[in-house]
1. Restricting to DSSP loop positions (anything but H, G, I, E, B) with no more than 15 other Cβ atoms inside 10 Å of their own Cβ, which chymotrypsin sites (Phe, Trp or Tyr not before Pro) remain in region 85-139?
2. Can you compute the modelled spin-label distance between residue 39 and residue 79, with each label point 7 Å from Cα toward Cβ, in nm?
3. Based on Cβ point charges of +1 for Lys and Arg and -1 for Asp and Glu, what charge dipole magnitude is obtained for region 4-113 about its Cα centre, in debye rounded to the nearest 20?
4. When a/c is below 1.5 the answer is rounded, else prolate if a/b is larger than b/c, else oblate, so apply that to region 34-104 with a ≥ b ≥ c taken from the square roots of the Cα gyration tensor eigenvalues.
5. With a point put 7 Å past each Cα toward its Cβ, work out how far residue 117 is from residue 23 in nm, to one decimal.
6. Distance between the C-alpha centers of region 109-139 and region 32-62? Whole Å please.
7. If you average 1/r across every pair of different Cα atoms in region 1-134 and take the reciprocal, what Kirkwood value do you get, in Å?
8. For residue 105 and residue 52, compute 0.36 nm times the residue count separating them, minus their Cα-Cα distance, and round to one decimal in nm.
Amino acid sequence: MSSMSPSDTKAGFTAIETADAPAAIGPYSQAVAVNGLLFVSGQLPIDPATGDFVSEDPVEQARQCLRNVAAIARAAGTDIARTVKTTVLVRDLKRFPEINAAYAEFFSAPYPARATFEVSGLPKNAQVEIEAVVALGKD
């Protein structure tokens, strides 16, 4: 379910919300659409059906993060395949080759631009968090 009512729009910004991805846990939107782009907030590896992490394994967590990004993109009328840029935050870069392989399951060439950072902590003690910028529209 997408929320794109006019009351959510100010100065060309439209908040996107869907029950198919975890609800925001603070004063932010799951995503904001503006000027042909969708800015997806960092997604934790939470299964929206249960409210829990899918796994403690960072590879499975990366997949769930990207499933959440995909659900938000669909709610905005676009597709994860139109991702322009991602930022991947991980707790342990030693697992990055495996995380990278899981990431590659969601994208094809031309791949999105990406930055990856190892961080000392993430919300709810997650191992992975992924944010994205997605072009609006369909191919």
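1. Filter output for region 85-139: 107.
2. Placing both labels 7 Å beyond Cα along the Cβ direction yields 2.6 nm.
3. It works out to roughly 420 debye.
4. Because a/c hits 1.5 or more and a/b fails to exceed b/c, region 34-104 counts as oblate.
5. It is 2.8 nm.
6. 9
7. Final number for the Kirkwood radius of region 1-134 is 14.9 Å.
8. That works out to 16.8 nm of additional length.
All of the numbers you see were taken from the coordinates with simple rules; none came from a lab. Everything quoted here is computed from the prediction, not taken from an experiment. In this analysis, Cβ positions are derived from the backbone assuming ideal geometry, glycine residues included, and neighbour counts consider all displayed protein chains.
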